[in-house]
Amino acid sequence: KLFSTKNISTIEKKKTELYQELGLQARDLRFQHLMSITTRNNRIIMRMEFLKAVITPEFLLILDYRNLNLEHWLFNELASQLAGEGQLVTYSLPFEFQAIEAILQYWISKLQGRLNTLQPQILETLEALVDPKLLSVDRSKLHILLQNGKSLSELETDLKVFKETILEILDEEELIEELCLTKWTDPRVFEESTSGIDHAEEMELLLENYYRQAEDLANEARELRVLIDDSESIIFINLDSHRNVMMRLNLQLTMGTFSLSLFGLIGVAFGMNLESSLEEDPRIFWLVTGIMFLGSGLIWRRLLSFLGRHLEPSLPPHVPAVLKKTQPAAGRMEIKSDLKAETFGLSRSTLTNH
């Protein structure tokens, strides 16, 4: 797909012919599932994983777009943007600025869409998992959280690669200069640049803008990751609390059985085939039975008191104040803060029970 400032056309050519027309080599257009922005022979080669484009001062060439399902973006968004009907901020600059901004804008919007899809799903799943009314954990919710956590990790990786790609260019002034193709091909543009309009600074500002957007998205993804880790800790504490309750109940019943068995030896002694004068008195049966139950109850009570003294939770350690983080979005941070309040409140109650 070939885009220029005036028209759009589709071409089909062999790779060797395309190399010769563009003045590139075979390795420049080789398929590589990575992210990079390079220049070669006054051409900009942009690889955004599956999206591969070649930019010149006159046109933008998108390679192999039919296999990537990019028709909607190419015809409905990119074409109007390059025709001056979009929302680009580089319309006053040469064509290569507009092409670079359009591709970067598409990639950032794609990453933003992935985050907007994951964020409500993760928050909803975490709210259901840390609900204090639930006595058990829904395994289906855990499976959904595991899948969302995996998707979030992939998104964090893509954001990291995108940031590193732009940062490599920002750290090299020569690379920024090479991206300004028109500055070296049109002498008039070069004269305007030397008179006050520096295209290299404009390119640097353009790249910094999308680097900052990627950094904001990375911070939001990082906050979701921290929220998932905190909620997992709360879930484990909740499960440990219920497990401790069952273990304590089992221990109490064991101590009750031990107390009855200890004083049950009196009944065993009277049940032996030995004669004494006590079995002739009808009140002895009730007296011995009362002593057995009373003694068992006292022993059990003493054991429970001993258990309570040694299993009382200690005072929680002093927790220093946590520095407040920057809030990128008020509504989103409000939901997150409410969820954190519930989770930490549950953590305190479960620790007390423990």
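Values computed for the structure shown
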| item | result |
| --- | --- |
| Percent accessible area from carbon and sulfur atoms, region 35-104, protein chains only, probe 1.4 Å | 43 |
| Accessible surface, per residue, of region 39-185 when the full set of protein chains is kept, probe 1.4 Å, Å² | 49 |
| Under the Karplus curve 6.51 cos²θ - 1.76 cosθ + 1.60, θ = phi - 60°, whole-Hz ³J(HN,Hα) for region 80-85, x wherever Gly or Pro sits | 5, 5, 6, 7, x, 9 |
| Distance violations [Cα-Cα > 25 Å] among LYS110/LYS163; LYS52/LYS160; LYS13/LYS163 | LYS13/LYS163 |
| Placed amide H near LYS52: partners under 5 Å, 5+ positions off or other chain | LEU63 |
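The values are calculated or read from the model by the stated rules, or taken from the named source; none is laboratory data. As the structure is a computational prediction, the values presented were derived from the model and not from experiment. Accessible surface areas use protein heavy atoms only, side chains included; no ligands, DNA or RNA. Shrake-Rupley method; radii C 1.70, N 1.55, O 1.52, S 1.80 Å.
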